[in-house]
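Peer 1: One structure, pasted below without further comment.
The values are calculated or read from the model by the stated rules, or taken from the named source; none is laboratory data. Predicted model, so just to flag it, every value in this text is computed and none were measured. Every residue, glycine as well, gets a Cβ built from its backbone with ideal geometry; the counts of neighbours run over all protein chains shown.
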Amino acid sequence: MLAASGAGPGRREAFLARFLAEIESPDRLALDRLLPGAVAALAALAARGDRLVLLSLRRDPAAFAGQVARLRIAERFARVDAGRTSADDRVAKRRLIEAAGVGGPAAVVGDTEADMGAARALGLAAVGVTTGLRNRRVLLAAGADAVVDRTARVPAALDGVRAHDL
């Protein structure tokens, strides 16, 4: 979008640096809320015995863990982790998944190309959720097996990809 705006490379870099600093600042993180249906979807997945891990490419793992605790969902996950170990987001997400001990049969649920790309690289099913900045087309192009528009639909989407791919 920045390239299409005509902003030169120097302006794009400056914008990106400011955006990343702002989006992860404590005052911005305090504005985050759970999406409708998120707690019910997590409960449904846990009730059927799924092991849940929450992995993010946020740059500050302690701030991310604090945010998850503030949202009162930390206890729903076997592991909560964040960080970047590569400039390539797909590689960084793949490394987080590997470090969490996730293996088949399993699935990655996410809202970015990095999530879908990491799932594909690891041979895992991928479910895209259009609650972030990416739309259905982008997530499908990135390798999603299924895409949903609400977190409440994640359990059914996982059932669908498991029936066909796992």
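Peer 1: Just checking, which of Thr112, Thr131 is of a type in the set (Val, Ile, Thr) and surrounded by fewer than 16 Cβ atoms within 10 Å (Cβ to Cβ)? Quick ask: steps written out before the conclusion?
Peer 2: Numbers: Thr112 fails: surrounded by fewer than 16 Cβ atoms within 10 Å (Cβ to Cβ).
Exactly one residue qualifies, and that residue is Thr131.
Peer 1: Select, from Arg48, Arg79, Arg70, the only residue that is within 21 Å of the chain's Cα centre (by Cα) and either loosely packed, with under 14 Cβ neighbours inside 10 Å or in contact (Cβ under 8 Å) with a residue 60 or more places away in the chain (or both).
Peer 2: Of the residues listed, the single one that is within 21 Å of the chain's Cα centre (by Cα) and either loosely packed, with under 14 Cβ neighbours inside 10 Å or in contact (Cβ under 8 Å) with a residue 60 or more places away in the chain (or both) is Arg70.
Peer 1: Additional query: Among the residues of the range 85-105, write down those that are closer than 26 Å to Ala156 by Cβ, surrounded by fewer than 20 Cβ atoms within 10 Å (Cβ to Cβ) and touching a Leu at 6+ places or on another chain (Cβ under 7 Å).
Peer 2: Within the range 85-105, Ala100, Gly104, Pro105 qualify.
Peer 1: Please pick out the residue among Ala125, Ala78, Ala144 that is under 20 Å from Ala43 (Cα atoms) and either at pLDDT below 95 or out of contact with any His (no Cβ under 7 Å at 6 or more places or on another chain) (or both). Break it down into steps so the answer makes sense when it comes.
Peer 2: Values: Ala125 fails: under 20 Å from Ala43 (Cα atoms); Ala144 fails: under 20 Å from Ala43 (Cα atoms).
When all the criteria are applied, what remains is Ala78.
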